[in-house]
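Asker: This is the structure, below, for whatever I ask next.
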Amino acid sequence: MSKIVIHIGTHKTATTTIQDMFWANAELLAEHGLIYPQLGRHTGHHGLVLDWQGMPGHYKLEQGSLEALAETYGQSDKTVFLSSEEFSRRQPLASLGKVRAALEGFDEIEVICTLRTQWQFLQSIYLEVSKTRVPPRPPQLVLPVIENGSFEGLWVDYNRLLDALEAVFAPEEITFFDFDTSRRAEGGIIGTLLRHLGIGVDAARLEVVNDGASNVSPMSLASWTANILAEPKPAPAWLVQNASEALKAEFGDEVKPCLFTREEFRRLKDHYDTRNAELSERRAGVQPEFAISEASQKGLTLFRNEIPSAYWVRMSRRLVADRL
């Protein structure tokens, strides 16, 4: 039987690592029945959502389409794996019916998505936005995210994500993974996926790309520092690097910062731990063991409200040292 798997790549859930690793190991995976199409210059399949408004033109595929994939593999005994961050956006999610219709040639279809505790997910989106433009300041985004359940066109309330998916797919065609649980499992995220896909390949056999961690973000409070100093312009990489070095000099090399204040963290935790419990109840009939890890301060050593004036003095001295 033929099968198509759509990986909805939410931000900072090892999505780029999955794409890079599957791309680099496409030949090995194909030998075991898993097809990872190499359709263009990018390791992800963003071009498959090109018809949706706002998709950058450089993602346009030179060859291949959903219909072509269905025609090529729909009558095979292969599993085709598609992955894109763009599938996670609210606008493409609203058009998933078009995707389903284009893939009717496959005997089986599955949508998979790895979900991350919301404070981590929100922090990750902030860091991604910071690469190209000035993001909202943290105090300005917490309450709207709690009230609206979304940020930057992405569902932070995963119940709303499930609503969008269930409008097109049956509950049993949807699989959610918890990021923290998957990361701790044997072989990490890659190992978790390979076992779920059932293709008989151990993660240790795959060629490792970028040391197994693609698209690594800077420390959250380093990015925040640079954003504050650079406003109203986007923070350049050299400024983020300076802030990272200043953070380590002030708080030690092992500092583990959080973008939010302790109170903001608590508010996000109280709201979304409850919403995530509701999500687990909704999935209980098809995924009885699924649960998103509760928000925890364990391992965090520095919150935004704990930044002292001494840090800003240190940062200022770094910036003016070569001018004195």
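Asker: Regarding the stretch 96-111, can at least one residue be identified that is over 29 Å from F179 (Cα atoms), of a type outside the set (G, A, S) and free of Cβ contacts under 8 Å to residues at least 12 places away in the same chain? Walk me through how you get there before you give the answer.
Answerer: Looking only at the stretch 96-111, we keep the residues that are over 29 Å from F179 (Cα atoms), and these are 101-102, 104-105.
Adding the requirement that they be of a type outside the set (G, A, S) leaves 104.
Now narrow it down to the ones that are free of Cβ contacts under 8 Å to residues at least 12 places away in the same chain: none.
So far as the stretch 96-111 goes, no, none of its residues is over 29 Å from F179 (Cα atoms), of a type outside the set (G, A, S) and free of Cβ contacts under 8 Å to residues at least 12 places away in the same chain.
Asker: Do you know which of the residues in the stretch 141-197 that are aliphatic (A, V, I, L, M) and closer than 25 Å to H32 by Cα is surrounded by the most Cβ atoms within 10 Å (Cβ to Cβ)?
Answerer: Among residues in the stretch 141-197 that are aliphatic (A, V, I, L, M) and closer than 25 Å to H32 by Cα, the one surrounded by the most Cβ atoms within 10 Å (Cβ to Cβ) is L193.
Asker: Could you tell me whether the stretch 257-277 includes any residue that is among the basic types (K, R), over 25 Å from L143 (Cβ atoms), over 20 Å from the mean Cα position of the chain (by Cα) and modelled with pLDDT of 95 or more? Give the steps one after another, and end with the answer.
Answerer: Going through the stretch 257-277, the residues among the basic types (K, R) turn out to be 262, 266-267, 269, 275.
Then drop every residue that is not over 25 Å from L143 (Cβ atoms), which leaves none.
No, there is no match, as no residue in the stretch 257-277 is among the basic types (K, R), over 25 Å from L143 (Cβ atoms), over 20 Å from the mean Cα position of the chain (by Cα) and modelled with pLDDT of 95 or more.
Asker: So for the stretch 189-201 (the condition being at pLDDT below 95, touching a Gly at 6+ places or on another chain (Cβ under 7 Å), part of a loop (DSSP other than H, G, I, E, B) and closer than 24 Å to I8 by Cα), does at least one residue qualify?
Answerer: The answer is yes; a qualifying residue exists.
Asker: Another one. For the stretch 25-52, which residues satisfy the criterion of being at pLDDT 90 or above, within 29 Å of T117 (Cα to Cα) and among the small types (G, A, S)? Step through it out loud before you land on a result.
Answerer: Going through the stretch 25-52, the residues at pLDDT 90 or above turn out to be 25-36.
After this cut, where a residue has to be within 29 Å of T117 (Cα to Cα) as well, the list is 36.
Residues satisfying the conditions do not exist here.
Asker: For a quick check of your reading: which helices (runs of 4 or more DSSP H) sit entirely within the stretch 76-137 and have at least 1 residues that are out of contact with any strand residue (DSSP E or B) (no Cβ under 6 Å at 6 or more places or on another chain), outside the structural domain of I190 (by TED's automatic domain parsing) and within 20 Å of R275 (Cβ to Cβ)? Before you say what the answer is, go through the steps one by one.
Answerer: Values: elements: 90-94, 96-102, 118-130.
Helices (runs of 4 or more DSSP H) meeting the threshold: 118-130.
Asker: Looking for something closer than 30 Å to L82 by Cβ and surrounded by 17 or more Cβ atoms within 10 Å (Cβ to Cβ) - is there at least one such residue anywhere in the stretch 218-232?
Answerer: Looking for residues that are closer than 30 Å to L82 by Cβ and surrounded by 17 or more Cβ atoms within 10 Å (Cβ to Cβ), one finds at least one in the stretch 218-232, hence yes.
Asker: I'm checking my understanding of the structure. Among residues of the stretch 60-75 that are of a type in the set (S, T, N, Q) and assigned to a loop (DSSP other than H, G, I, E, B), which one is modelled with the lowest pLDDT?
Answerer: So the first thing to find is which residues in the stretch 60-75 are of a type in the set (S, T, N, Q), and the list is 63, 65, 72, 75.
Keeping just the survivors that are assigned to a loop (DSSP other than H, G, I, E, B) gives 63, 65, 75.
Numbers: Q63: 42, S65: 72, Q75: 92.
Residue satisfying both the conditions and the ranking: Q63.
Asker: Continuing with the same structure: If you check every pair at least six apart or on different chains, which have Cβ atoms under 7 Å apart with a residue in the stretch 258-280 that is under 19 Å from R304 (Cβ atoms) and of a type in the set (V, I, T) first and a residue that is at pLDDT 95 or above and buried (at least 17 other Cβ atoms within 10 Å of the Cβ) second?
Answerer: Pairs found: T261/F303; T261/R304.
Asker: Among the residues of the stretch 242-257 satisfying the criterion of being of a type in the set (G, A, S) and in contact (Cβ under 8 Å) with a residue 60 or more places away in the chain, which is surrounded by the most Cβ atoms within 10 Å (Cβ to Cβ)?
Answerer: Within the stretch 242-257, the first condition is being of a type in the set (G, A, S), and the residues that meet it are 243-244, 246, 249, 252.
With the extra rule that they be in contact (Cβ under 8 Å) with a residue 60 or more places away in the chain, the set shrinks to 243, 246, 249.
On the way: A243: 26, A246: 21, A249: 14.
Looking at residues that are of a type in the set (G, A, S) and in contact (Cβ under 8 Å) with a residue 60 or more places away in the chain, I get A243.
Asker: Quick check on my filter: what residues within the stretch 222-267 are farther than 17 Å from L302 by Cβ and of a type in the set (A, V, I, L, M, F, W, C)?
Answerer: L229, A230, A235, A237, W238, L239
Asker: Something else now. If you go through the stretch 210-240, how many residues are in contact with a helix residue (DSSP H, G or I) (Cβ under 8 Å, 6 or more places away or on another chain), at pLDDT 95 or above and not aromatic (F, W, Y)?
Answerer: 15
Asker: Those residues that are part of a helix (DSSP H, G or I), of a type in the set (D, E) and farther than 28 Å from A222 by Cβ, I need them from the stretch 266-312; list them, please. Give the derivation first.
Answerer: If we filter the stretch 266-312 for residues that are part of a helix (DSSP H, G or I), which is where we start, we get 266-283, 304-306, 309-312.
With of a type in the set (D, E) added as a condition, the list becomes 270, 273, 278, 281, 306.
The answer is E278, E281.
Asker: Under 6 Å between Cβ atoms, at least 6 apart or on separate chains: pull out the pairs that start in the stretch 132-146 with a residue that is at negative phi and end on any residue that is acidic (D, E).
Answerer: That search, which allows pairs on different chains as well, returns V134/E231; V142/E264.
Asker: With respect to E207, is the statement that it is of a type outside the set (A, V, I, L, M), loosely packed, with under 15 Cβ neighbours inside 10 Å and assigned to a loop (DSSP other than H, G, I, E, B) true?
Answerer: Details: of a type outside the set (A, V, I, L, M): yes; loosely packed, with under 15 Cβ neighbours inside 10 Å: yes; assigned to a loop (DSSP other than H, G, I, E, B): yes.
Yes.
Asker: Sticking with this one: Hey, any hits in the stretch 100-117 for a residue that's in contact with a Pro (Cβ under 9 Å, 6 or more places away or on another chain) and either under 28 Å from L29 (Cα atoms) or buried (at least 19 other Cβ atoms within 10 Å of the Cβ) (or both)? Step through it out loud before you land on a result.
Answerer: Here is the first cut: in the stretch 100-117, the ones in contact with a Pro (Cβ under 9 Å, 6 or more places away or on another chain) are none.
No, because not a single residue in the stretch 100-117 is in contact with a Pro (Cβ under 9 Å, 6 or more places away or on another chain) and either under 28 Å from L29 (Cα atoms) or buried (at least 19 other Cβ atoms within 10 Å of the Cβ) (or both).
Asker: Let me ask you something else. Given the condition closer than 24 Å to A14 by Cα, assigned to a loop (DSSP other than H, G, I, E, B) and outside the structural domain of Q241 (by TED's automatic domain parsing), answer yes or no: does some residue in the stretch 172-183 qualify?
Answerer: no
The values are calculated or read from the model by the stated rules, or taken from the named source; none is laboratory data. Fair warning: this is a prediction, and the values are worked out from it, not measured in the lab. Glycine also receives a Cβ, built like all others from the backbone with ideal geometry; neighbour counts cover every protein chain displayed.
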